[in-house]
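Trainee: Before anything else, here's the structure in question.
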Amino acid sequence: MRQKNGGFSLIELIVSIAILAIVSLTAMGFMASGANSFSSVSGNVSLQVRSQLAMGNIQEKMIDCNFGLDFHDATDTLYIINSKIVPDPAHPSAVLTVYTVGVYEFRDGAIYFGEHPCTLAGPGQMTFSGDAPDLLVKGVSDFTVSFQSYTTLEGGLKLSGATINILFTERGRQFRDIQTTALRNNPIPLTVTATSTP
């Protein structure tokens, strides 16, 4: 007995192409959905990583601060002042207290950092010359710091904690990071004045 095997008929060919098209469109839909989901997750992870790096840097400096802190609301700038006792080169048996200020400045959608020597201009008053030239993190929409304080037995004011609030923005997504940090050395509240910027 002999069979005729002439291949696909026109109707079978059309049905096969239609099924292949439906399967291909379904697969492409899953791929597009997966790509959008990956992009969304990737953007959120990017915001959180940037937030943790910036927060970690600021918190580390604040925890180690041994003299005083100041935040200017008008300029969105955080000042972290540390003191260090060093030998006086003019008098070998004497010592000097030198001060440095760490500056975290929010401008142009980013937070910049810089360190400078500063001087004690009076009780609770510090002055320095310089700015914050190094980029710490970009994509920032808001930066504020508030302090928790207490009064000592002698009547002085000390800082026990700080709340850092940073709003990050990237491609229409926003992530607000608010963290409260205990200040190990209980620095004092200061008023810092930038006398000039280069």
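Please treat every number below as a calculation from the coordinates, not as lab data. Note that the coordinates shown come from a computational prediction; the quantities given were computed from them, not determined experimentally. Don't worry about glycine lacking a Cβ; one is built from the backbone with ideal geometry, like all the others, and counts go over all protein chains shown.
Trainee: What Rg and what Dmax come out for region 37-196 when only alpha-carbon atoms are used, in angstroms?
Mentor: Cα radius of gyration and Dmax of region 37-196 are 17.7, 67 Å respectively.
Trainee: Right, another one. Net charge around Phe106, counting only other residues with Cβ within less than 12 Å of its Cβ (Lys, Arg = +1; Asp, Glu = -1)?
Mentor: Neighbour charge sum, excluding Phe106 itself: -3.
Trainee: Restricting to lysine pairs 8 or more places apart or on different chains, what number in the chain have Cα atoms under 25 Å apart?
Mentor: Within the chain, the lysine pair count is 4.
Trainee: Taking the Cα centre of the chain as origin, sum charge times position over the Cβ atoms of Lys and Arg (+1) and Asp and Glu (-1), and report the length of that vector in debye to the nearest 20.
Mentor: It works out to roughly 1060 debye.
Trainee: Whose amide H sits under 5 Å from the amide H of Asp76, counting only residues 5 or more places off or on another chain, with H placed in the peptide plane?
Mentor: none
Trainee: Provide the gained length on full extension for the span Leu10 to Lys158, in nm with one decimal, where the gain is 0.36 nm per separating residue minus the Cα-Cα distance.
Mentor: 44.4 nm
Trainee: Same structure again: Starting from the 7 Å offset along Cα-to-Cβ, what nm value, one decimal, do you get for the label separation of Val98 and Gln179?
Mentor: Using points 7 Å along Cα→Cβ, the separation is 3.0 nm.
Trainee: Using a 7 Å offset from the Cα along the Cα-to-Cβ direction at both Val45 and Asn66, what is the distance between the two label points in nm, to one decimal?
Mentor: 4.0
Trainee: To test your reading of the geometry: what angle, between 0 and 90 degrees and rounded to tens, separates the Cα axis of helix 10-64 from the longest principal axis of the chain?
Mentor: Around 10 degrees separate the two axes.
Trainee: With a point put 7 Å past each Cα toward its Cβ, work out how far Leu167 is from Asp142 in nm, to one decimal.
Mentor: Roughly 0.4 nm, to one decimal.
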